[in-house]
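Participant: After the structure tokens below, expect a handful of questions from me.
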Amino acid sequence: MEQRVLGRTGRPVSVVGLGTWQLGADWGVVLEDDALAVLDAAADAGVTFFDTADVYGDGRSEQLIGRFLKSRQGEGLTVATKLGRRLPQLPENYTLANFREWTDRSRRNLGVERLDLVQLHCPPTAVYSSDEVFDALDTLVEEGRTAAYGVSVETCAEALTAIARPGVASVQIILNPFRLKPLDEVLPAAEKAGVGIIARVPLASGLLSGKYTKSTLFGADDHRTYNRDGSAFDQGETFSGVDFATGVEAAEEFARLAPPGATSAQTALRWIVQQPGVTTVIPGARNPEQARANAETAALPPLSPQTLTAVQDLYDRRLRAQVHSRW
């Protein structure tokens, strides 16, 4: 699989990675053996980048990855985790003492001496302007708790503020054919600064798989049920903030853009992969078949200029007004 350097980390990572929120919680039940099978299938297919967080299942996702890493030593795998959401989202909780506690917990969960990359986990906007916060992150690097740090953001403005910080190695942001706003300023700024871009929510919480109808129901423990209005966390994390019914209609149209031999989901991932400035995309997977299908995206030919234009047109007609008004 193609490898790209992840910004200021200097580490090569697979252009298609694996997001592991679903292995922890909030996407329905995933059994341990099934979760480990997903991780193995992804690695066997060439994935070398795995993204997690300390609050995914209260550490369950990290612990599963830790078990997985023990069996894959020496394979050049990179694991990114996140911190900051173990306490109420107040700027005053983003302290060096808390960072040390949280990174030590993540190191234990993952079974590593030093984290490859730790990211601020969508903190309050004020945190991005705090010199003390970034001094604390620098200290984590100096102390050997992490090799590098980045940020996971909700808005383009937050991303641009973070990119201007000299120690920020990477920015994780929602990017998919239903969320094009980062293309305008964020990706060019990151590329110019040498900051890696990790594209998350690449399938708009499954909408871009083209498998859902307006009558599709999700489990009570699935954020696609309980967070559609943003009552649990940022609404953009669920269906990219697009109204479900509108998203289903747009997904049906998007599916018709898939080239021969590619699924709708693969087409969405391929679109992300070929955006200038993107380092890696992190789709989730609930079974090995999904993990392998996602990884196969890296071998697909680039989408045609006509398809790229059609994606832009679909966004402009159906989604731009809704998405831009919220973010």
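Participant: In region 129-151, how many are of a type in the set (V, I, T), assigned to a helix (DSSP H, G or I) and closer than 20 Å to G7 by Cα? Walk me through how you get there before you give the answer.
Facilitator: Step one: of region 129-151, the residues of a type in the set (V, I, T) are 133, 139, 141, 146, 151.
When the remaining residues are screened for being assigned to a helix (DSSP H, G or I), the result is 133, 139, 141.
Applying the additional criterion that residues be closer than 20 Å to G7 by Cα yields 139, 141.
Here the count works out to 2.
Participant: Being in a strand (DSSP E or B) and either modelled with pLDDT under 95 or acidic (D, E) (or both) is the filter here, so list the residues in region 169-192 that pass it.
Facilitator: The answer is R179, and nothing else.
Participant: Only residues in region 191-216 that are among the acidic types (D, E) count as the first member; pair them with residues that are open to solvent by less than 40 Å² (accessible area, probe 1.4 Å) and in a loop (DSSP other than H, G, I, E, B), Cβ under 8 angstrom, at least 6 apart or cross-chain, and list the lot.
Facilitator: Hits for this filter: E191/G277.
Participant: Can you spot a residue in region 155-174 that is touching a Lys or Arg at 6+ places or on another chain (Cβ under 7 Å) and either farther than 30 Å from F68 by Cβ or open to solvent by 60 Å² or more (accessible area, probe 1.4 Å) (or both)?
Facilitator: Scanning region 155-174, I find at least one residue that is touching a Lys or Arg at 6+ places or on another chain (Cβ under 7 Å) and either farther than 30 Å from F68 by Cβ or open to solvent by 60 Å² or more (accessible area, probe 1.4 Å) (or both), so the answer is yes.
Participant: I would also like to ask the following. Take A245 and tell me if it is assigned to a loop (DSSP other than H, G, I, E, B), surrounded by fewer than 16 Cβ atoms within 10 Å (Cβ to Cβ) and either touching a strand residue (DSSP E or B) at 6+ places or on another chain (Cβ under 8 Å) or of a type in the set (A, V, I, L, M) (or both).
Facilitator: no
Participant: State which residue pairs qualify: first residue over 16 Å from T81 (Cα atoms) and in contact (Cβ under 8 Å) with a residue 40 or more places away in the chain and inside region 8-19, second residue crowded, with 24+ Cβ neighbours inside 10 Å and aromatic (F, W, Y) in any location, beta carbons under 6 Å apart, and separation of 6 or more residues or different chains.
Facilitator: If the second residue must be crowded, with 24+ Cβ neighbours inside 10 Å and aromatic (F, W, Y), the pairs left are S14/F49.
Participant: Scan (1) among the acidic types (D, E); (2) closer than 24 Å to R224 by Cβ; (3) open to solvent by 10 Å² or more (accessible area, probe 1.4 Å) for the single condition E75 breaks and write down its number.
Facilitator: Result: E75 fails condition (2) only.
Participant: Exactly one condition in (1) buried (at least 16 other Cβ atoms within 10 Å of the Cβ); (2) free of Cβ contacts under 8 Å to residues at least 60 places away in the same chain is false for D184; which is it?
Facilitator: So D184 meets the others, but not (1).
Participant: Separate question: Are any of the residues in region 289-306 touching a Cys at 6+ places or on another chain (Cβ under 8 Å) and either open to solvent by 10 Å² or more (accessible area, probe 1.4 Å) or closer than 13 Å to L208 by Cα (or both)? Reasoning before the result, please.
Facilitator: Of all residues in region 289-306, those touching a Cys at 6+ places or on another chain (Cβ under 8 Å) come to none.
No; the residues of region 289-306 include none that is touching a Cys at 6+ places or on another chain (Cβ under 8 Å) and either open to solvent by 10 Å² or more (accessible area, probe 1.4 Å) or closer than 13 Å to L208 by Cα (or both).
Participant: Given L115, L39, which one is over 22 Å from I197 (Cβ atoms), at pLDDT 95 or above and either hydroxyl-bearing (S, T, Y) or open to solvent by less than 10 Å² (accessible area, probe 1.4 Å) (or both)?
Facilitator: Unique residue meeting the criteria: L39.
Participant: Somewhere in region 261-278, is a residue modelled with pLDDT under 95, open to solvent by 10 Å² or more (accessible area, probe 1.4 Å) and not polar (S, T, N, Q)?
Facilitator: Looking through region 261-278, at least one residue is modelled with pLDDT under 95, open to solvent by 10 Å² or more (accessible area, probe 1.4 Å) and not polar (S, T, N, Q).
Participant: Okay, next question. Taking D131 as the residue in question, decide whether it is charged (D, E, K, R), at pLDDT 95 or above, closer than 20 Å to N287 by Cα and open to solvent by 30 Å² or more (accessible area, probe 1.4 Å).
Facilitator: Numbers: charged (D, E, K, R): yes; at pLDDT 95 or above: yes; closer than 20 Å to N287 by Cα: no; open to solvent by 30 Å² or more (accessible area, probe 1.4 Å): yes.
Taking the combined requirement at face value, the residue does not satisfy it.
Participant: Does L257 qualify as being open to solvent by 40 Å² or more (accessible area, probe 1.4 Å) and assigned to a loop (DSSP other than H, G, I, E, B)?
Facilitator: yes
Participant: Can you find a residue in region 8-24 that is in contact with a Ser or Thr (Cβ under 6 Å, 6 or more places away or on another chain), open to solvent by 20 Å² or more (accessible area, probe 1.4 Å), within 27 Å of I272 (Cβ to Cβ) and of a type outside the set (D, E, K, R)?
Facilitator: Scanning region 8-24 turns up no residue that is in contact with a Ser or Thr (Cβ under 6 Å, 6 or more places away or on another chain), open to solvent by 20 Å² or more (accessible area, probe 1.4 Å), within 27 Å of I272 (Cβ to Cβ) and of a type outside the set (D, E, K, R).
The values are calculated or read from the model by the stated rules, or taken from the named source; none is laboratory data. All values derive from a computational prediction rather than experimental measurement. Please note: Cβ atoms are built from the backbone with ideal geometry, for glycine as well, and neighbour counts cover all protein chains shown. Remember, those area values only see protein heavy atoms, side chains included, never the ligands or the DNA or RNA. Shrake-Rupley method; radii C 1.70, N 1.55, O 1.52, S 1.80 Å.
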